1. List the strands (runs of 3 or more DSSP E) that sit entirely inside the stretch A:26-89 and contain at least 3 residues that are within 24 Å of A:Glu121 (Cβ to Cβ).
2. Out of all the residues in the stretch B:91-115, which are hydrophobic (A, V, I, L, M, F, W, C), touching a strand residue (DSSP E or B) at 6+ places or on another chain (Cβ under 6 Å) and not in a strand (DSSP E or B)?
3. Could you say whether any residue in the stretch A:152-159 is within 14 Å of chain B (Cβ to nearest Cβ), under 20 Å from the mean Cα position of the chain (by Cα) and not in a loop (DSSP other than H, G, I, E, B)?
4. When the residues of the stretch A:33-64 are narrowed to those that are in contact with a Pro (Cβ under 9 Å, 6 or more places away or on another chain) and without any contact (Cβ under 8 Å) to a residue 12 or more places away in the chain, which ends up farthest from A:Cys95 (Cα to Cα)?
5. Of the conditions (1) within 30 Å of A:Pro94 (Cβ to Cβ); (2) without any contact (Cβ under 8 Å) to a residue 40 or more places away in the chain; (3) surrounded by 14 or more Cβ atoms within 10 Å (Cβ to Cβ); (4) away from chain B (no Cβ under 14 Å), A:Ala171 satisfies every one except a single condition; which number is it?
6. Only residues that are farther than 22 Å from A:Glu86 by Cβ, among the small types (Gly, Ala, Ser) and assigned to a helix (DSSP H, G or I): list them for the stretch A:116-146, please.
7. Take the residues of the stretch A:84-132 that are among the β-branched types (Val, Ile, Thr) and over 19 Å from A:Lys22 (Cβ atoms): which is surrounded by the most Cβ atoms within 10 Å (Cβ to Cβ)?
8. Take the residues of the stretch A:159-168 that are in contact (Cβ under 8 Å) with a residue 12 or more places away in the chain and surrounded by 14 or more Cβ atoms within 10 Å (Cβ to Cβ): which is nearest to A:Ser54 (Cα to Cα)?
Amino acid sequence: MRADRIFCDLPASALQSFETIKYATAYPKGAVLFVEGQAPRGIFVLCKGRVKLSICASDGKTLILKIAEPGEVLGLSATVSGKPYELTAETIDPCQVNFVKREDFLRFLREHSDACFKVAEQLSEKYNNACHEVRSLGLSHSAGEKLAKLLLEWSSKNGEAAKQEPRLKLALTHEEIAQMIGTSRETVTRLFADLKKRQIVQAKGSTLVIRNKSALRLLATNG
Amino acid sequence: MASAIQNSCIECVSRSDRLFCDLPAETLGAFNRIKTVSAFSRGSILFREGTPARGIFLLCEGKARLSVCSESGKRLTLQIVGPGEVVGLSAALSGTPYEVTAEILEDAQVAIVRRKDLLEFLHDYREACLQVVHLLSEDLHVAYDRVRSVGLGRTRRPRVAHLN
């Protein structure tokens, strides 16, 4: 399984050690792994399935930060620092997760510096993503710009980037996309309708085809 | 008041208060050997967003501003860092371009460590590796807070009633 890759290039002793501290669990779709603000119990290594990571305001307004894929370690910064979980993690597929209790994880890191290094790498990646989000949310002018950026990002996965007309599977509802870019569902629906009308994208079932990549890129840079 | 550059980590009086600097003597000695210390005046740029990560910068004295920039040149501050804090760490570790621009706000004394030397140092000194993990977690918390304030217009996490 992919997720074990984070800890799988480690020496046998580290792997054995990890085996003894992890709890393999299955979660159905819609399960909440942890809630923003909760004291950190430990990390959740995502092995299979995807998890929605979000931040919530007291008035209920939600911002989806990202969709975590297998291989990602959730609750990492909180578990390391002891500060409350920063995000709420909710499964959007049936998931398989390896849970490791905080004290076990910290001891594991102290004893295995290779694992420590891998964790540092993953934290770096998350930091990179967060900076990207700050730039995207704080500096993009319009929802249209942010949506175009998001579609370009999604269409560059799974080897689609090089294609003239990349495809992406829309895994989120318009409401969830709105929560990712900080706008309303109505705006997202309107924007999609506009993109389709201008033949920049085309919907084929739940698959979206980018017909005009350069037009989309233009939208992503100046709204 | 101009003060002489504090060159030696071993003799530095501030070290026990600072997360990164609070390392065992031998480790600190090794770090001391791989760093070079320079003075930077207000307005200097330590590194620019998007450029290849050459190394890390530890602020011995002074303050710096970390910011991100849009294509149109609009700038947004992520964080202000002070003495004892390290910048450029995540980029230097992962070998990706710097995610932010670091600009000196107050005349600073900066310890610079090249990427290659840092990686070797972390390989040889395990406790430093764990220290780095702690530093990165703190950086990430700050970044999330910024995402929160920029995305939702709030700066504090809501208090959550204890579940179960």
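1. Ranges flagged: A:42-48, A:51-56, A:62-68.
2. B:Ala92, B:Val100 - these are the residues of the stretch B:91-115 that are hydrophobic (A, V, I, L, M, F, W, C), touching a strand residue (DSSP E or B) at 6+ places or on another chain (Cβ under 6 Å) and not in a strand (DSSP E or B).
3. First, pick out the residues of the stretch A:152-159 that are within 14 Å of chain B (Cβ to nearest Cβ): A:152.
From what's left, under 20 Å from the mean Cα position of the chain (by Cα): A:152.
From the residues that got through so far, the ones that are not in a loop (DSSP other than H, G, I, E, B) too are A:152.
There is at least one residue in the stretch A:152-159 that is within 14 Å of chain B (Cβ to nearest Cβ), under 20 Å from the mean Cα position of the chain (by Cα) and not in a loop (DSSP other than H, G, I, E, B).
4. A:Ser58
5. If we test A:Ala171 against (1) within 30 Å of A:Pro94 (Cβ to Cβ); (2) without any contact (Cβ under 8 Å) to a residue 40 or more places away in the chain; (3) surrounded by 14 or more Cβ atoms within 10 Å (Cβ to Cβ); (4) away from chain B (no Cβ under 14 Å), just (2) comes out false.
6. Residues satisfying the conditions are A:Ala143, A:Gly144.
7. A:Thr88
8. Quick first cut of the stretch A:159-168, residues in contact (Cβ under 8 Å) with a residue 12 or more places away in the chain only: A:164-168.
Narrowing the set further to residues that are surrounded by 14 or more Cβ atoms within 10 Å (Cβ to Cβ) leaves A:166-168.
Values: A:Pro166: 27, A:Arg167: 25, A:Leu168: 22 Å.
Across the stretch A:159-168, the extreme among qualifying residues is A:Leu168.
The values are calculated or read from the model by the stated rules, or taken from the named source; none is laboratory data. All of these numbers come straight from a predicted model, not from anything done at the bench. Virtual Cβ from ideal backbone geometry, glycine too; neighbours counted across all protein chains shown.
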